[in-house]
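Please read the structure below before turning to the comments.
The values are calculated or read from the model by the stated rules, or taken from the named source; none is laboratory data. These numbers come from a predicted model, not from an experiment. Note that we place each Cβ from the backbone using ideal geometry, even for glycine, and neighbour counts take in every protein chain shown. Heads up: the accessible areas ignore ligands, DNA and RNA and are worked out on the full protein's heavy atoms, side chains in. Shrake-Rupley method; radii C 1.70, N 1.55, O 1.52, S 1.80 Å.
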Amino acid sequence: MQQPKRYLITAALPYANGLKHIGHLAGAYLPADIYVRYLKAQQRDVVFVCGSDEHGTAIPIQATKEGTTAQAIIDKYHPLVEQNFRDLGIQFDIYHRTSAPIHHETAREFFTQLNDAGHLTTQTTEQFFDEKAQTFLADRYIKGTCPNCQFTGAYGDQCEKCGKSLSPEELINPVSTLSGEPPVKKMTQHWYLPLDRHEDFLRKWILEEHGNDWRSTVVGQCKSWIDGGLQPRAVTRDLDWGVALPENIEGGKGKVLYVWFDAPIGYISATKQWAMNTGKDWRPYWEDKETRLIHFIGKDNIVFHCIIFPVMLQLHGNILPDNVPANEFLNLEGDKMSTSRNWKLDMEDYINDFIKAPGGNEIMADVLRYYLTQIAPETKDSEFTWKGFQDANNSELVAILGNFVNRSLVLMHKLCKGKVPPLHPDHITDTDKEMIAAFDATRKAVEDNIEHFKFREALFHIIAFARSGNQYLQKKEPWIFAKQTDANGDVVAEAQASIDNTLHIALQVCANLAIFIHPFLPFTAKKICYLLKVVDKMLLWENAGKTKLLSTGYSLRAPELLFRKIEDEEIATQLNKLHTAMTEPTHTSNDEAVPAAFAPLKESIVYDDFAKLDLRNGKILAAEKVEKADKLLKLTVDLGFETRTIVSGIAQHFNPEAIVGKQVTVVANLLPRKMRGIESNGMILMAEDPQGKLHFIHPEEEVPPGAGIS
């Protein structure tokens, strides 16, 4: 692919209705920051825009909860979230606001151009109206009984009990959340974007042009929407909070732009504001086809960024996104993150506990960045666990990356008088050559993976490079050569040459590690530069893979540990804090669904799909808890024809001793999987009641182990 003239990178605009958690960070902002830092290290023309989404019903709803105004809510949370991002090393070129006058002006101009060109249609329809409050009701201002699960607190757009998407018309006994009175239907006119007119364009652009280079989950979701038939989508609402329609629009009084229409235009208004701040021209970034536009989002925003906004951009004469690398969801300790149940880790809480707390420092921001990248939900949902966080820090950052940099500096000060030793070409060994070859190989691997948005894989190659450095030192053993001395106690020349070569190469590895790791761990990269006494300019990508970054004879600073160990007590404190803070569902959050009393049915399957399962009756012969795993039991199960070990996440529901002898239903042909170092050969099927309690599925009478279940 030809290198573009410039890049415009966007990250989804977060609602300014509360603090944001690490699931948000992992979904859009961290991967975007990694990519932008890489581009800037290559000295490419790139602008990274983001900002607060400050309209929509989420804001006034939060204002009602806090007993204040919508303006006060956005003024409270906008600077808090912006500072959280800054503390975690997310470096936007501008973090803007959709409440800014330039955004209102830009959004209205966008609407007017589409409307004047005939790209929007109008429809007069019945909408719910609160006669007592004298206002039309957005979906979120209507509550009733869910027709799917009978939950009595479902909203007009979604039931937060079962997660089903709804319309107000589907609710049973709907009432207004403003007055508590049943709403009435009243005629009102709205403007619509007729997406059905653009199915051919979307099918060609997404499925034909980008079907092979976009993530399969993105393409699959888009295909599903298009195949299902697109419908006109309203772009206006009867609200008093949002971007008001232009005054000259007939029938537009009292109406605002629907938030999904106004929010993505925020990328454009943010770019305009950035251009005004820097004296640049914003137009090429949105109008020149040699600009590469990339949206970083979570999978819940795919339809807006891949179907709706592209139609708007095409009609408005703007460039289209070249890629939309949407991430899946990040779960927390075995459960979906939920603001309503307080099952989350806010960025602010992490910052206060690990960065700003006594003994904390900015390097701890990199520890979180490292672990979130390592488990990034790039192709499927992933899970944050505090134990995994501790292991990533202690076993990799401390024991591999930090250890290598520290060892190299310690040995240099001890064996080379604190200066970069020379390289002796006549004494280079095959081991030296292997290490030198890894420089360029690592650069190429990191480049290729970042360019293709495979940040987990890129990070893997960097840590592998550091691991190779440790192995290199172990093979070369410069401390052993230091014992080869003459009668005066000086190291003999040949031994010193081996020491010099080893530490010269090791120190060049340190310099390259700073360059490679910088997009991922910016604070760590700068700390390595400090120890090596080089300026940050060394972090430019043109230096990546080079073997002569540190000059012979150059004095380096005394070694300092890059990372500290995270102790078990700290992890226990965080787990206790998480479980203590968890509350019963309040059903007031607007961004997550609470687990259902009964989960909705999954997609239909054909008989052949079911026939692939080999279900067998089994009998538990032994059960024991898995060490350092609160939820896991190690089961020994008799299947008649063989005895198997199966690891099952049922420890919080059953005592091991009480289930010995129980009959169980086993998925016997599931591929083996290692869990906590134990190979699990099968899966136990369980039933979950509305209270979340698990129950064994087994025959009413004793059946021989190994009997088939059909």
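How large, in Å, is the range 317-389 by the Kirkwood hydrodynamic radius built from its alpha-carbon pairs?
Numbers: mean 1/r = 0.0704 Å⁻¹.
It works out to 14.2 Å.
The H on the amide N of N331, modeled in the peptide plane, is under 5 Å from the matching H of S382, E383, F384, each at least 5 residues off or on a different chain.
Principal semi-axes of the equivalent ellipsoid, √(5λ) from the alpha carbon gyration tensor of the range 641-703, are 20, 16, 12 Å from largest down. Overall, the ratio between the Cα radius of gyration of the range 363-494 and 2.2 N^0.38 Å, rounded to two decimals, is 1.33. Size of the range 271-315: Rg and Dmax of its alpha carbons, in Å, are 12.7, 35.
Legend note: in the chain, cysteines whose Cβ sits 4.7 Å or more from every other cysteine Cβ are C50, C222, C306, C416, C510, C529.
Cα-based Rg of the range 125-215 per 2.2 N^0.38 Å, rounded to two decimals?
Cα-based Rg divided by the globular estimate yields 1.47.
Taken over the range 28-160, lysine pairs spaced eight or more positions apart, or on distinct chains, with alpha carbons under 23 Å apart number 4.
The calculated P(r) of the range 196-286, using every Cα pair and 10 Å bins from 0, goes 14, 25, 33, 25, 3 in percent. For the chain, the dipole from Cβ point charges (+1 on Lys and Arg, -1 on Asp and Glu) about the Cα centre works out to 1580 debye, to the nearest 20.
Taking only protein heavy atoms and a 1.4 Å probe, the accessible area of the range 119-231 is 44% carbon and sulfur.
Taken over the Cα atoms of the chain, the convex hull encloses 201 Å³ per residue. Computed over the range 373-443, the alpha-carbon pair-distance distribution with 5 angstrom bins reads 3, 11, 11, 16, 19, 13, 9, 8, 5, 3, 0, each value a whole percent. Give me, ordered by chain and number, the residues 5 or more places off I94 or on other chains with an amide H under 5 Å from its own placed amide H. Those lying under 5 Å, H to H, from I94 are F48, C50.
Taking a sphere under 10 Å around the Cβ of L332 and counting the other residues whose Cβ falls inside, with K and R at +1 and D and E at -1, yields a net charge of -1. Mean residue ellipticity at 222 nm from the helices of the chain, using -39,500 (n - 2.57) per DSSP H segment of n ≥ 4 over the full residue count, to the nearest 500 deg cm²/dmol? After summing the helix terms and dividing by the residues of the chain, the value is -10500 deg cm²/dmol.
With 27 Å as the limit, the listed pairs K475/K546; K336/K634; K164/K612; K475/K548; K5/K223; K161/K634 have K164/K612; K5/K223; K161/K634 beyond it between alpha carbons. How fast does the range 243-394 diffuse by Stokes-Einstein, in µm²/s, taking the Kirkwood radius from C-alpha pairs at 4 °C and 1.567 mPa s? Answer from the Stokes-Einstein relation: 68 µm²/s. Here the Karplus curve 6.51 cos²θ - 1.76 cosθ + 1.60, taken at θ = phi - 60°, turns the phi angles of the range 375-390 into couplings of 10, 3, x, 6, 10, 7, 4, 10, 9, 8, 10, 5, 5, x, 4, 4 Hz, with x standing for Gly and Pro. When the charge dipole of the range 422-474 is built from unit charges on Cβ atoms (+1 for Lys and Arg, -1 for Asp and Glu) and taken about the Cα centre, the candidate among Q471, A445, L459 whose Cα reaches farthest toward its positive end is L459.
Averaged across orientations, what area in nm² does the convex hull of the alpha carbons in the range 167-243 project?
Numbers: hull surface 32.2 nm².
Computing the convex hull of the Cα atoms and averaging its projections yields 8.0 nm².
Over the range 341-427, with the other protein chains present, what is the accessible area per residue in square angstrom, probe 1.4 angstrom?
I get 37 Å² per residue for this part.
Which entries in K565/K625; K417/K444; K476/K526; K414/K483 show an alpha-carbon gap greater than 24 Å? Over 24 Å Cα-Cα: K565/K625; K417/K444; K476/K526.
What do you get for the angle between helix 403-415 and the principal long axis of the chain? Use alpha-carbon atoms, 0 to 90 degrees, nearest ten. Helix 403-415 sits at roughly 30 degrees to that axis. Expressed in Å, the radius of gyration and Dmax of the Cα atoms of the range 178-333 are 18.0, 55. Taking Cβ atoms as reference points and 12 Å as the exclusive limit, the residues near A495 contribute a net charge of -3, counting Lys and Arg as +1 and Asp and Glu as -1. Loop-only trypsin sites (Lys or Arg not before Pro) in the range 369-462, please: DSSP not H, G, I, E or B, and at most 13 other Cβ atoms within 10 Å. Those satisfying the criteria are K380, K417. Treating r as the C-beta distance of E451 and D381 and R0 as 30 Å, the FRET efficiency rounds to 0.75. When you filter the GluC sites (Glu not before Pro) in the range 521-569 for DSSP loop state and at most 15 other Cβ atoms inside 10 Å of their Cβ, you are left with E560, E567. Taking the Cα centre of each part, how many Å lie between the range 420-463 and the range 515-543? Each part's Cα centre sits 16 Å from the other's.
Computed extension gain for L561 through L621, at 0.36 nm per residue and net of the alpha carbon distance, reaches 16.7 nm. Loop-located trypsin sites (Lys or Arg not before Pro) across the range 656-705 with a Cβ neighbour count of 11 or fewer within 10 Å are K693, with loop assigned by DSSP.
Within the same chain, aspartates and glutamates fewer than 8 places from K419 are excluded, and of the rest, those with a Cα less than 17 Å from its Cα are D500, E560.
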